[in-house]
Every structure is written in structure tokens, then in C-alpha cells.
Amino acid sequence: MQILETKSSESGKTGSDTLKITEMFLSLQGEGSHSGLPCYFIRTSGCDLRCSYCDTDYAFTEGRKLPVEEIIESIPDHVHLVQITGGEPMLQEKGVIQLINKIYADRKSCKILLETGGHRSLANIPDQVHIVMDIKLPGSGEENKVLLSNLNILKKTDEIKFVIQDRNDFLTAVNWIHEHSLTDTCQILMSPVYEKLEPDELARWILSERLNVRLMLQLHKIIWGEKRGV
């Protein structure tokens with residue numbers, strides 16, 4: 001059920017009591033350790049990366065400003081999992097943190113997931129938030145954009161996501177894992193780029209390298225294909 005979708009290109013910085021939002025909708029969580037659970041998605045507008053495989057490039061420019069209170073009111077009462085995604089949510093850090101704090105105050109049973117490209121500081125994100133942080137690989141065209149200090153912020157329960165397009169991406173991810181002891185830092189996800197790398201091939205690579213990582217498929221695309229609002 002899609003609550004908001006707009007093609008407005010309103011520009012300008014948002015205040016801490018508003019956020020520029022591309023869309024909000026109820027679906028099943030398609031990725032990571034919460035895969036399959038009902039989840040309410042809040043997609044912020046704007047991104048300062050241009051990953052080659054991006055499937056939400058409409059969030060670069062679409063969206064309109066919404067009061068934080070209105071965003072919270074849109075969350076269905078029966079839903080206990082909320083994901084803040086983008087675009088890149090940390091471009092609107094003050095508003096995102098205010099949204100997080102108000103959700104925790106108003107919806108005490110909610111768990112919040114924050115999905116981020118990993119290139120902007122996460123130092124001010126509340127400890128309760130479950131962070132899902134990308135590390136960009138060569139195939140993305142945005143390699144080396146990760147902010148290394150974020151690795152010291154992640155909790156054991158958080159997740160690092162590697163999106164794998166080819167063998168070179170995989171080997172680069174393996175180097176990251178070993179060089180930074182990432183399996184001791186948090187949960188590690190590896191996801192094949194949709195329709196670019198076959199899941200069984202990535203599975204073979206993971207097993208051959210004896211990696212303690214989770215192979216992640218995009219459940220929402222398996223169910224609905226490449227559609228918005230799911």
C-alpha cells in the first residue's frame with residue numbers, strides 16, 4: 001500500500017522538523033536478517049552517490065517536504081518494523097534523527113532500520129537503531145566512498161552489505177572482510193546484482209572461500225519484480 005509518491009522537485013534544505021520524502025509504503029522486508037517481515041518503508045529524497053546498479057534513482061530528485069509528525073502518523077499501528085532508506089537518509093541527518101527519536105517516543109514497540117551508503121558519518125545515530133551499511137565495490141562505480149570511522153560505530157547486531165556484480169567485486173569484498181575483520185564487527189551480507197550475477201554462482205564463491213556471511217536475495221523482487229512501492 002503506497003501512501004506517498006510525488007514527482008515534485010522542490011529544492012532547498014529541510015529543517016529538523018521536516019524531511020523531504022520520495023515515498024512511504026507498507027510491504028515485506030526484502031533484504032537482510034529481517035527479510036519476510038511486514039515493514040513500513042520511509043524513503044528519503046536525494047543521494048550524493050550514483051551507483052551503476054541503483055534501482056531507486058527516482059529518489060534522486062522526486063519528493064516533497066513533510067512534517068515529521070505527519071510521517072509518524074502514517075505508520076500503521078500494527079506494524080512494528082520501520083525502515084528509513086533512500087536515496088541517502090544521512091543527507092538529512094538532523095531530520096532523520098528527530099524522526100527516529102519521535103518514533104521511539106510515540107511507538108515504543110517499533111524497531112527501526114536505517115539503510116545507508118556508508119559514506120557519511122553515523123556517529124549521531126541512536127544506539128537502538130539497526131544499521132544496514134553498504135560498502136561500495138568497483139562494479140558500483142562508487143568504490144572507496146566508505147567512511148572508515150563508521151566501522152567503529154557498528155554494533156554486532158548491525159549489518160554490512162556488499163552488492164556483488166562480478167568476480168572482481170566478490171574478491172574485493174573478501175579483501176575488505178579479511179583486512180578489517182568485518183565478521184567480528186557485525187553481520188555480513190552479500191547480494192548479487194539483480195539479473196547481473198546468478199545467485200548460485202555467488203553461493204559457490206562464498207562456500208569456496210569459507211566465508212561466514214549471509215547470501216541475501218531481494219525477496220521483494222522475487223515476489224513482485226522490479227516495481228515501486230513494494
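One residue stands out among those in region 105-152 that are out of contact with any Pro (no Cβ under 8 Å at 6 or more places or on another chain), assigned to a strand (DSSP E or B) and β-branched (Val, Ile, Thr): the one that is farthest from LEU171 (Cα to Cα), which is ILE112. Here ALA173 qualifies as farther than 18 Å from THR85 by Cα, surrounded by 15 or more Cβ atoms within 10 Å (Cβ to Cβ) and small (Gly, Ala, Ser).
In region 95-118, the residues that are under 15 Å from LEU19 (Cα atoms) and modelled with pLDDT of 95 or more reach residues that are basic (Lys, Arg) and not in a loop (DSSP other than H, G, I, E, B) with C-beta atoms within less than 9 angstrom, at least six apart or across chains, in these pairs: GLY95/LYS20.
Could you please give the count of residues in region 41-67 that are of a type in the set (Ser, Thr, Tyr) and in a strand (DSSP E or B)? Residues that pass the stated criteria total 1. Residues that are touching a residue at least 12 places away in the same chain (Cβ under 8 Å), touching a strand residue (DSSP E or B) at 6+ places or on another chain (Cβ under 6 Å) and more than 18 Å from LEU114 (Cβ to Cβ): does region 176-189 have at least one? Yes: one or more hits.
Within region 198-220, one or more residues are part of a helix (DSSP H, G or I), crowded, with 16+ Cβ neighbours inside 10 Å and touching a residue at least 60 places away in the same chain (Cβ under 8 Å).
Here's the yes/no breakdown for (1) touching an Asp or Glu at 6+ places or on another chain (Cβ under 6 Å); (2) surrounded by fewer than 20 Cβ atoms within 10 Å (Cβ to Cβ); (3) acidic (Asp, Glu):
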{"position": "LEU113", "(1), (2), (3)": "no, no, no"}
{"position": "GLY117", "(1), (2), (3)": "yes, no, no"}
{"position": "LEU122", "(1), (2), (3)": "no, no, no"}
{"position": "ASP134", "(1), (2), (3)": "no, no, yes"}
{"position": "SER140", "(1), (2), (3)": "no, no, no"}
{"position": "LEU147", "(1), (2), (3)": "no, yes, no"}
{"position": "ASN152", "(1), (2), (3)": "no, yes, no"}
{"position": "LYS161", "(1), (2), (3)": "yes, no, no"}
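Among the candidates ILE177, ILE160, the residue that is over 15 Å from the mean Cα position of the chain (by Cα) and outside any loop (DSSP other than H, G, I, E, B) is uniquely ILE177.
The values are calculated or read from the model by the stated rules, or taken from the named source; none is laboratory data. Keep in mind the model is a prediction, meaning the values are calculated, not measured. As a convention, Cβ positions derive from the backbone with ideal geometry for all residues, glycine included, and neighbour counts pool all protein chains shown.
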